[in-house]
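*Asks:* This is the structure I have questions about; it appears just below.
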Amino acid sequence: MINYDIVIIGGGPAGLAAAVSAYDSGVHSILILERDKELGGILGQCIHNGFGLHTFKEELTGPEYAQRYIDQVLERKIEYKLRSMVLEISPEKVITAINREDGLFEIQAGAIVLTMGCRERSRGALNIPGFRPAGVYTAGTAQRLVNLEGYMPGREVVILGSGDIGLIMARRMTLEGAKVKVVAELLPYSGGLKRNIVQCLNDFDIPLKLSHTVVDIEGNERVEGVTIAEVDEKLKPIPGTEEHYTCDTLLLSCGLIPENELSRGMGVRINPVTSGPYVNESLETSIPGVFAAGNVLHVHDLVDFVSEEAAAAGKNAAAFVKSGMAEGERHEISLSVEDGPRYTVPSTIDPAKVEGNLTVRFRVGKVIRNHFVCVYFDQDRVIHIKRPIMAPGEMEEVLLKKKFFDDHPKLAKITVRVEEA
Amino acid sequence: MYDIVIIGAGVTGCSVARELSRYNAKICVVEKEEDVCCGTSKANSAIVHAGFDAAAGSLMAKLNLIGNLMMNDLAEELDIPYRQNGSLVVCLSEEDRPNLVKLYENGLKNGVEQLRIIEKEELQALEPNISPDAVAALYAPTGGIICPFTLTIALAENANTNGVEFKFDTKVTGLHSVKDYWVIETPNGSIETKCVVNAAGVYSDVFHNMVSAKKIHITPRRGDYCLLDKNTGNFAKQTIFPLPGKFGKGVLVSPTIHGNTIVGPTAIDVDNKGGTNTAAEGLNDLIEKAGSTVKDLPIRQVITSFAGLRAHEDHHEFIIGEVEDAPGFIDCAGIESPGLTSAPAIGKMVGDLLKDKLSLSPNPNFNGTRKGVLDPKTLSKEEYAKLLKEKPAYGNIICRCEGISEGELLDAIHRPLGAKNLDGIKRRTRAGTGRCQAGFCTPRQMEILSRELGVDQSELTKCGGKSKLIVGTTKDRI
């Protein structure tokens, strides 16, 4: 069996940032396992710009953003294996993986950073009725076909779901000569970033129909058309509102699901709200020495925040290794959510482990205007920030200062809630 | 001139083909689709029925039982997965108990072994997620679960290896007799044969009615299904049926042989023989009904839904045999549930009939065994390591959800009657059948299929015909 201090599962933006940060924190025995033929993960197919505004203060394309981190990995000579699929991880941190060169191999890790990312919700999971012809793709699969392979999945397109990849693909398909007829969104608000609605739909006169869904797919062999209908408050289609669109392609951008099969397999506790692991302030899962960051933890909107989160996880993994890989006494304080936020990452905090400011990220469950984000340390409101608008499609964050913890030595509970102005 | 032409490469046609390949005869299967198992055989409950519900004394009852008894040996010969997980018919109120007893007695008359009625306590021990309303159940340990794709594919492969020819993309457009033989019209030319086997599923009435004055009528009866994620695989241990009603056996909840949970079917009569489109009402109805026999069905774990068409004959009976006013034309019509279970018995019955009719002599080279697509998960660690060394393609995982490697894809593509499209790969290897429903592996499968078949990716299809996966390149309109 091969040994590494830290093994990173997945060489996408989270994995790369975790590796660099772990290395810079003084642990050099690191291995990245990546199932694709290149490092960089999904960024390789995200050829549009808008990445890196927070991290590098400039606007980069996905491949450019990824390359900055790939270069850092290469400079540090951090080891990685491509085309290598992790099949299983044991609770004792033995990783079983497979590739063409090594066959089946096992690695004993001192610490693990889970950075497997997420996958797209499929047509099947959405239970869309109709035929099952060719021409129904998730937006990400279509993005790969167009941007990496140079293939057109279709010429006349209807998009269901207004997630960011769907919005980006509406523009992308249009620029490649396809006609995007409509974007239908089940909910009364978009799941994507405001800037993507403007830049990808409005600028190209592509209609966005909120509170609409696909109720039928036609075509026995290849998609020939879809029917969309308006939905009521219970999200049920309203009879009589059906509209037919002739098209050869239906793209789906209906949500991303953290890919935690390996985490579940090793016994990591999963939060049903995020479908990602429960983590503490160190981004450590329920198994000591196993950390998680990026979209496998909770789905992000911006890669910059993925990198930031993963860097923290990498640093913490290094600290775990350097401390002799022993889990010390922990004094867990749980974060609870009320009136608005659906979850927080992290979900528990040990004040003794907090160095400097701690970022807490969360999402709200519906569009909320002119409210305050509040954080209570027991009964004491320590944060009270006005937000003109909050939406489920945009991740929120608050900074918990070290001072808050110092001021509350007998802290029992932290609450994040949204309050009226 | 062929001795026998079989119309339809579903499980019935392929079973007949394999049975007939035991004899010296020139045999051909004609199929309108690009692959075997593209009609009713591909979309059903994937159940091997014990045989208690078909009407006592019917051909259906007889062939169901024989098929069930043959399945174990057949699965072994053909190297396909099969497991007798047992069936339960759940009685939800004391009022209905007489119907349960009636079903039990019917099963006894049909000759089903080990059949018994179990009471609440035993039922709950056997099936922890059973509805708390369940008062008793009919328990049939001989019921089983099977993969209908691999059963059909294995029968076809084995028939092909033993000399049966297959013509795909060959739709039969006409049929008439000339003296003592038959002429089958297809867009690719006419085919002459001494005998015809009509195994055309929902279209079997069309061909029967072309040759016989005594008309039959087949109604396509649609069944919608939901397939749940493998993480629900232990939800049901047995195949759980409600007490049957007027429209078939009701909505079942069952594990599949591959570890998913299947829920279905509905029963909706449709006009269109190609109407395999699911409908919202059907799926909603299904979800509502499926909840009756079990508690807390994890229906949110659905990964795909689909519909199949049963070839429902007006009298709900198999029509198998030589058509009286059309000598040499053999019907296998009205093959609906328990058609999958009965397939081996139907094959034997039609095989015997044609052996006698054409005085066929045994094929001395017949080999009834077939090796399936190698599944490395069935190997020992040492064997697996050896395989990976010899064939590194097994180390390249293509389908992440099901853990299917390039090696398995190559096996599926290059075997007899190999995969020609994505559905063909899916049904032979399970690549793309997992929770992401091929979102991840589609481009990877396309690359391999294109390379191995030597065709451009723009020619690749999901399931033959016009089901092209892409419509061109980003550059072809510049």
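*Asks:* Considering only the range A:102-201, give the helices (runs of 4 or more DSSP H) lying wholly within it that have at least 2 residues that are facing another protein chain (nearest Cβ under 9 Å).
*Replies:* Once the helices (runs of 4 or more DSSP H) in the range A:102-201 are filtered for at least 2 residues that are facing another protein chain (nearest Cβ under 9 Å), what remains is A:123-126, A:139-144.
*Asks:* Restricting to the range A:242-254, count the residues that are away from every other protein chain (no Cβ under 11 Å), surrounded by 15 or more Cβ atoms within 10 Å (Cβ to Cβ) and in a loop (DSSP other than H, G, I, E, B).
*Replies:* Residues meeting the conditions: 3.
*Asks:* How many of the residues making up the range A:321-343 are of a type in the set (A, V, I, L, M) and in contact with a helix residue (DSSP H, G or I) (Cβ under 9 Å, 6 or more places away or on another chain)?
*Replies:* 3
*Asks:* A further question on this structure: Do we have B:G334 as surrounded by fewer than 22 Cβ atoms within 10 Å (Cβ to Cβ), within 24 Å of B:H217 (Cβ to Cβ) and modelled with pLDDT of 95 or more here?
*Replies:* Spelling it out, it is not the case that B:G334 is surrounded by fewer than 22 Cβ atoms within 10 Å (Cβ to Cβ), within 24 Å of B:H217 (Cβ to Cβ) and modelled with pLDDT of 95 or more.
*Asks:* Another question about this same structure. Select from the range A:256-296 the residues that are free of Cβ contacts under 8 Å to residues at least 60 places away in the same chain and on the phi < 0 side of the Ramachandran plot and write down the one among them that is surrounded by the most Cβ atoms within 10 Å (Cβ to Cβ).
*Replies:* Across the range A:256-296, the extreme among qualifying residues is A:E284.
*Asks:* Out of A:E281, A:E218, A:E259, I need the residue that is within 22 Å of A:A125 (Cα to Cα) and touching an Asp or Glu at 6+ places or on another chain (Cβ under 9 Å). Which one?
*Replies:* Being within 22 Å of A:A125 (Cα to Cα) and touching an Asp or Glu at 6+ places or on another chain (Cβ under 9 Å) holds for just one of A:E281, A:E218, A:E259, which is A:E218.
*Asks:* When the residues of the range A:85-101 are filtered to those that are farther than 19 Å from A:A22 by Cα, in contact with a strand residue (DSSP E or B) (Cβ under 9 Å, 6 or more places away or on another chain) and charged (D, E, K, R), which remaining residue is farthest from the other protein chains (Cβ to nearest Cβ)?
*Replies:* Per the criteria, the residue is A:E92.
*Asks:* Additional query: From B:A54, B:A17, grab the single residue that is part of a loop (DSSP other than H, G, I, E, B) and of a type outside the set (D, E, K, R).
*Replies:* From the options B:A54, B:A17, the qualifying one is B:A54.
*Asks:* Test A:S211 against the criterion of being under 30 Å from B:N231 (Cα atoms), modelled with pLDDT of 95 or more and polar (S, T, N, Q), and give yes or no.
*Replies:* So A:S211 does not fit the description; no.
*Asks:* Hey, can you tell me all the residues within the range A:183-203 that are hydroxyl-bearing (S, T, Y) and under 14 Å from A:S253 (Cβ atoms)?
*Replies:* Answer for the range A:183-203, where residues must be hydroxyl-bearing (S, T, Y) and under 14 Å from A:S253 (Cβ atoms): just A:S190.
*Asks:* Can you name the condition, by its number, that A:E309 falls short on among (1) over 30 Å from A:V73 (Cβ atoms); (2) charged (D, E, K, R); (3) under 17 Å from the mean Cα position of the chain (by Cα)?
*Replies:* The failed condition is (1).
*Asks:* If only one of B:T304, B:T276 is of a type in the set (V, I, T) and either assigned to a strand (DSSP E or B) or surrounded by fewer than 16 Cβ atoms within 10 Å (Cβ to Cβ) (or both), which one is it?
*Replies:* Residue meeting the stated conditions: B:T304.
*Asks:* Out of everything in the range A:328-344 that is small (G, A, S) and within 23 Å of A:S275 (Cβ to Cβ), what residue ends up being surrounded by the fewest Cβ atoms within 10 Å (Cβ to Cβ)?
*Replies:* So, considering only residues that are small (G, A, S) and within 23 Å of A:S275 (Cβ to Cβ), the one surrounded by the fewest Cβ atoms within 10 Å (Cβ to Cβ) is A:S336.
*Asks:* Check the range B:418-429 and report whether any residue there is within 11 Å of another protein chain (Cβ to nearest Cβ), modelled with pLDDT under 95 and in a loop (DSSP other than H, G, I, E, B).
*Replies:* no
*Asks:* Does the range B:439-463 hold any residues that are within 8 Å of chain A (Cβ to nearest Cβ) and either of a type in the set (F, W, Y) or at positive phi (or both), and which are they?
*Replies:* Listed by number, the list holds a single entry, B:F440.
*Asks:* May I pose another question? If B:V294 satisfies all but one of (1) out of contact with any helix residue (DSSP H, G or I) (no Cβ under 6 Å at 6 or more places or on another chain); (2) in contact (Cβ under 8 Å) with a residue 40 or more places away in the chain; (3) closer than 30 Å to B:N209 by Cα, what's the number of the condition it fails?
*Replies:* The number of the failed condition is (3).
*Asks:* Here's something else I'd like to know. Does at least one position in the range A:330-350 carry a residue that is aromatic (F, W, Y), assigned to a loop (DSSP other than H, G, I, E, B) and within 20 Å of the chain's Cα centre (by Cα)?
*Replies:* Checking the range A:330-350: at least one residue is aromatic (F, W, Y), assigned to a loop (DSSP other than H, G, I, E, B) and within 20 Å of the chain's Cα centre (by Cα).
*Asks:* To continue, here is another question. If you go through the range A:64-84, how many residues are more than 16 Å from A:V20 (Cα to Cα) and crowded, with 19+ Cβ neighbours inside 10 Å?
*Replies:* Adding up the residues that qualify gives 1.
*Asks:* When the residues of the range B:375-392 are narrowed to those that are surrounded by 18 or more Cβ atoms within 10 Å (Cβ to Cβ) and among the aliphatic types (A, V, I, L, M), which ends up nearest to the other protein chains (Cβ to nearest Cβ)?
*Replies:* Per the stated criteria, the residue is B:L388.
*Asks:* Restricting attention to the range A:49-63, report how many residues are closer than 17 Å to A:Q143 by Cβ, surrounded by fewer than 21 Cβ atoms within 10 Å (Cβ to Cβ) and either among the small types (G, A, S) or at pLDDT below 95 (or both).
*Replies:* Selection size over the range A:49-63: 2.
*Asks:* Hey, another quick one. Quickly run through the range A:124-161 and pick out the residues that are modelled with pLDDT of 95 or more and within 19 Å of the chain's Cα centre (by Cα).
*Replies:* Residues satisfying the conditions are A:T138, A:A139, A:G140, A:T141, A:A142, A:Q143, A:R144, A:G161.
*Asks:* If a residue must be closer than 13 Å to B:A236 by Cβ and at pLDDT below 90, how many such residues does the range B:280-314 contain?
*Replies:* 2
*Asks:* Within the range A:44-56, identify whether any single residue is without any contact (Cβ under 8 Å) to a residue 60 or more places away in the chain and in a loop (DSSP other than H, G, I, E, B), and answer yes or no.
*Replies:* Checking the range A:44-56: at least one residue is without any contact (Cβ under 8 Å) to a residue 60 or more places away in the chain and in a loop (DSSP other than H, G, I, E, B).
*Asks:* In the list A:A352, A:A317, A:A326, which residue meets the criterion of being closer than 30 Å to A:I6 by Cβ and either modelled with pLDDT of 95 or more or touching a Lys or Arg at 6+ places or on another chain (Cβ under 8 Å) (or both)?
*Replies:* A:A317
*Asks:* Something else now. Residues of the range A:255-296 being among the small types (G, A, S), modelled with pLDDT of 95 or more and part of a loop (DSSP other than H, G, I, E, B), which ones?
*Replies:* Answer for the range A:255-296, where residues must be among the small types (G, A, S), modelled with pLDDT of 95 or more and part of a loop (DSSP other than H, G, I, E, B): A:G267, A:S275, A:S282, A:S286, A:G289, A:A293.
The values are calculated or read from the model by the stated rules, or taken from the named source; none is laboratory data. Source: prediction; values computed, not measured. Counting neighbours? That spans all protein chains shown, and the Cβs are built from the backbone with ideal geometry, glycine included.
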